[in-house]
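The values are calculated or read from the model by the stated rules, or taken from the named source; none is laboratory data. Just so you know, these numbers come straight off a predicted model, no measurement behind them. Cβ coordinates were reconstructed from backbone atoms using ideal geometry, including for glycine residues, and neighbour counts include every protein chain displayed. Accessible surface is based on the protein model in full, side chains and every heavy atom, while ligands, DNA and RNA are left aside. Shrake-Rupley method; radii C 1.70, N 1.55, O 1.52, S 1.80 Å.
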Amino acid sequence: MPEAMKADLRVDVAGLRMKNPVIAASGTFGFGREYADYFDLSLLGGVSVKGLTLEPRRGNRPPRIAETPGGILNSVGLQNPGVHKFIEREIPFLRQYDVAILANASGSTLEDYVSMVEILSDADIDCIELNLSCPNVKQGGMTFGSSCPGITSVVSECRKKCRKPLMVKLTPNVTDITEIAKAAEAAGADSLSLINTLLGMAIDIETRRPILGNTMGGLSGPAVKPIAVRMVWQVANAVSIPVVGMGGISSGSDAVEFMLAGAAAVMIGTAGFVDPLVWPKSVGEIAGYMEKKGFADVQALSGAIRLW
Amino acid sequence: MHRERIVRMERLSDDIFRMVLQSGRLTESAKPGQFLNIRCGHSLQAYLRRPISICDVHAGDGTVDIVFQIRGPGTELLGEMKPGEEADVMGPLGNPFKPVNPGGSAIVVGGGIGTFPLLYLLRTMPEVKRTALLGFRTAGAVVMAKEFSSVADCMEIATDDGSLGHHGFVTELLEKRLRTERPDCVYVCGPMPMMRIVTEQCIGMGIPVQVSMEQRMGCGVGACLVCACKKRDGDDFSYTHVCREGPVFDGRDIVFD
C-alpha cells in the first residue's frame with residue numbers, strides 16, 4: 001500500500017495519545033515485564049498496569065481462578081506492591097518502550113482515591129484509570145462505582161486534584177450502566193473504560209465448595225463479549241466523552257466490533273493468557289480490516305455501526 | 001508459543017497419558033521441575049492452557065516426555081491428541097529444582113501424579129546417590145516404576161491399600177529412612193498433606209527440602225497473579241506465585257495450611 005494510503009491507527013482518547021487503539025487490560029498484564037519476553041511492548045498503544053493501591057495489598061486466598069465455558073472467574077483481590085513501588089520500579093521499566101502507561105488506581109475510601117490521584121499526577125504516566133469497579137475487594141472498588149452518588153463523589157473529588165487524563169473504569173454489575181456513565185461524565189471524567197468483570201460464581205459439586213477461595217469472582221473472556229458490546233454501545237450513545245471498550249476481545253475483529261459500537265480504543269486481557277500474541281496481532285488485524293473496508297483513519301471506525 | 005510435534009502418545013494407566021514431543025529446543029532448554037503450558041485445542045469448554053510438568057528429557061533422540069492425568073475437559077482433549085499433530089506450547093516455564101552436588105545424596109518423595117517431575121530430576125544427577133520413594137493409592141495406579149528404578153539407586157513404593165510395596169503412606173518410608181540416613185536434599189511433589197508432612201520432617205532434622213507446588217493457574221508467566229501460595233514473611237505470610245516464583249520452592253519458605 002502506498003505511504004499515503006497507509007492506515008492511520010493513531011488515537012487521542014481525551015488527551016491520552018496513542019499510536020494505535022490497543023491497550024493491554026489491567027490485571028492481565030502485570031507491569032508488562034512478563035510479556036516483554038514474548039513481544040516488543042512498543043507494538044501496543046498502551047498498557048494499563050495491575051490495579052494499584054496506596055499500600056501494598058496481599059490479595060485474596062486461593063484458589064483465585066475458575067475456568068468456565070469461554071472464560072474465567074478471578075478473585076485476585078488487587079494484590080499489588082503499592083503505588084510507590086510502582087513509581088520507583090515499574091515506570092522506568094515501561095518507559096523503555098514507546099507505549100502509553102495507564103495507571104489503574106483503586107482505594108478503600110474516598111480519601112485513598114484522592115491521594116492516589118495526587119501521587120500519580122506527579123508520576124511519569126500518561127493516564128489515570130480510576131478503578132471504581134473491582135468486584136473482589138470488600139471496601140471501595142465496585143461499592144463506589146455501582147451507585148450514582150458514589151461515583152459522583154469519587155470522580156468529582158479526584159477531578160480537583162487530577163493533572164492527567166482521567167479515565168473512569170465502570171462495572172457492568174449495575175441496573176443501568178448509562179446512568180453511572182453519565183454521573184461519571186458530569187463529575188468530570190475525561191473518558192470511560194468498560195466493562196470490568198461480571199460478578200459470578202462456580203461450585204465444585206464433588207466437594208460442595210465454591211471453586212474460588214473468595215466464593216465469588218469476576219467473569220471475563222469471550223463469554224462476556226456480547227454483554228460488553230451492548231454496554232459500550234449504550235454508554236457511547238449516552239455520553240459525549242470517549243469510551244474505551246473491553247470484555248472478551250480475542251482478535252482484531254472483536255476489537256473492530258467494539259469500535260463500531262462506539263469505542264475510541266480497546267483493551268484486551270484474558271485472551272492473552274491463551275495466546276500472548278493476541279495483543280500485537282490485533283493491531284495488525286485492525287489495520288487489515290481498515291484496508292479492506294477503505295478506512296484511512298482508525299478514529300472513523302468509532303461508532304461506524306450501520307443501524308437498521 | 002511454539003509448535004512442537006507429538007511423536008508418541010501412550011496410555012500408562014486408566015487415566016494417565018504420556019505425550020512425547022520431538023523438540024531439540026525443549027531438550028536443550030528444559031530443566032527438571034519446570035513445566036509447559038499447553039493449549040488444549042480451540043474449545044471454549046477448555047479455554048485456558050494447561051500447565052503440565054516436564055517428566056523426562058531424552059537428549060539423544062531430542063524428545064521430551066510430559067505425563068498427565070485426565071482430570072477435566074482440557075486434559076481430555078490433550079489425551080485425544082495424536083502422533084503427527086502439533087502441540088501449541090509455552091515454556092519451559094518456572095523455576096527448576098536445584099540439584100545436589102556430585103558425590104552427595106538425594107531422596108525424592110512423590111505422591112501420585114506428583115511423582116512425574118521427579119523422574120527427570122533423578123536423571124540429571126547421575127553422580128548423586130539417589131533414592132526414590134513413591135506413593136500411590138493402589139497397585140493399579142502405579143506408573144513408571146520401571147523408569148524410576150532405572151535412574152534411582154534405590155526405589156521403594158507405598159500404596160494406601162497395601163496392594164503393592166509398603167502398606168501405608170510414603171511419608172512413613174521417608175521417616176524410616178531418615179532414622180539412618182542424612183541426605184543432602186529431599187525433593188517432594190504430591191498432595192498438600194504429604195508435602196506438609198515431608199517438609200516438617202526435613203525442617204525438624206535440618207535437612208534441606210525442595211517442594212514443587214501446584215495451584216490453579218491463569219497466564220503461567222506471572223502476570224495475572226492467580227496461582228497464589230502462602231510464603232513466610234517474617235511472622236506473617238504473603239502470597240507468592242507458583243508459575244513464576246515456583247513451582248519449586250525451598251520448603252522452609254512455604255506455609256502449608
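General remarks:
- Test: residue in the stretch A:107-114 that is in contact (Cβ under 8 Å) with a residue 60 or more places away in the chain, of a type in the set (Ser, Thr, Tyr), more than 14 Å from every other protein chain (Cβ to nearest Cβ) and open to solvent by less than 20 Å² (accessible area, probe 1.4 Å): no
- Residue check, A:LEU212 buried (at least 23 other Cβ atoms within 10 Å of the Cβ), farther than 25 Å from A:ASP40 by Cβ and within 12 Å of chain B (Cβ to nearest Cβ): yes
- When A:ASN173 is tested against the conditions (1) surrounded by 17 or more Cβ atoms within 10 Å (Cβ to Cβ); (2) closer than 24 Å to A:GLY30 by Cβ, the lone failure is (2).
- For the stretch B:10-36, filtering for residues that are assigned to a strand (DSSP E or B) and of a type in the set (D, E, K, R) leaves 3.
- Residues in the stretch A:47-99 that are open to solvent by 10 Å² or more (accessible area, probe 1.4 Å), in contact with a Cys (Cβ under 9 Å, 6 or more places away or on another chain) and more than 9 Å from chain B (Cβ to nearest Cβ): A:LEU78 only.
- Residues that are in contact with a helix residue (DSSP H, G or I) (Cβ under 6 Å, 6 or more places away or on another chain) number at least 3 in the following strands (runs of 3 or more DSSP E) confined to the stretch B:37-129: B:50-58, B:63-69, B:105-111.
- Residue selected from the stretch B:43-84 under the condition over 17 Å from B:GLY24 (Cα atoms) and among the charged types (D, E, K, R), by the criterion farthest from the chain's Cα centre (by Cα): B:LYS82
- Of all residues in the stretch A:136-160, those being of a type outside the set (Val, Ile, Thr) and in a helix (DSSP H, G or I) number 12.
- Positions within the stretch B:36-69 being within 14 Å of chain A (Cβ to nearest Cβ) and either open to solvent by less than 10 Å² (accessible area, probe 1.4 Å) or closer than 24 Å to B:GLY190 by Cβ (or both), in sequence order: B:ASN37, B:ILE38, B:CYS40, B:ALA46, B:LEU48, B:ARG49, B:ARG50, B:PRO51
- Among (1) among the small types (Gly, Ala, Ser); (2) touching a residue at least 24 places away in the same chain (Cβ under 8 Å); (3) more than 17 Å from A:ALA181 (Cα to Cα) - the single one A:GLY262 does not satisfy: (3)
- Scan of the stretch A:33-46 for residues that are within 11 Å of chain B (Cβ to nearest Cβ) and crowded, with 22+ Cβ neighbours inside 10 Å, ordered by number: A:TYR35
- Selection from the stretch A:283-299 of residues that are of a type in the set (A, V, I, L, M, F, W, C) and loosely packed, with under 14 Cβ neighbours inside 10 Å: A:ALA296
- Taking the numbered list (1) farther than 30 Å from B:CYS229 by Cα; (2) crowded, with 17+ Cβ neighbours inside 10 Å in turn, A:SER220 passes all entries but (1).
- Unmet criterion (only one of (1) more than 9 Å from chain B (Cβ to nearest Cβ); (2) outside any strand (DSSP E or B)) for A:ARG17: (2)
- Test for A:THR152: is it at pLDDT below 95, out of contact with any Leu (no Cβ under 9 Å at 6 or more places or on another chain), of a type in the set (Val, Ile, Thr) and open to solvent by 10 Å² or more (accessible area, probe 1.4 Å): no
- Strands (runs of 3 or more DSSP E) fully within the stretch B:151-257 that include at least 1 residues being away from every other protein chain (no Cβ under 14 Å): B:154-159, B:185-189, B:209-212, B:248-250.
- Matching residues, the stretch B:1-35, being farther than 22 Å from B:GLY84 by Cβ and surrounded by fewer than 19 Cβ atoms within 10 Å (Cβ to Cβ): B:SER13, B:ASP14, B:ASP15, B:GLU28, B:SER29, B:LYS31
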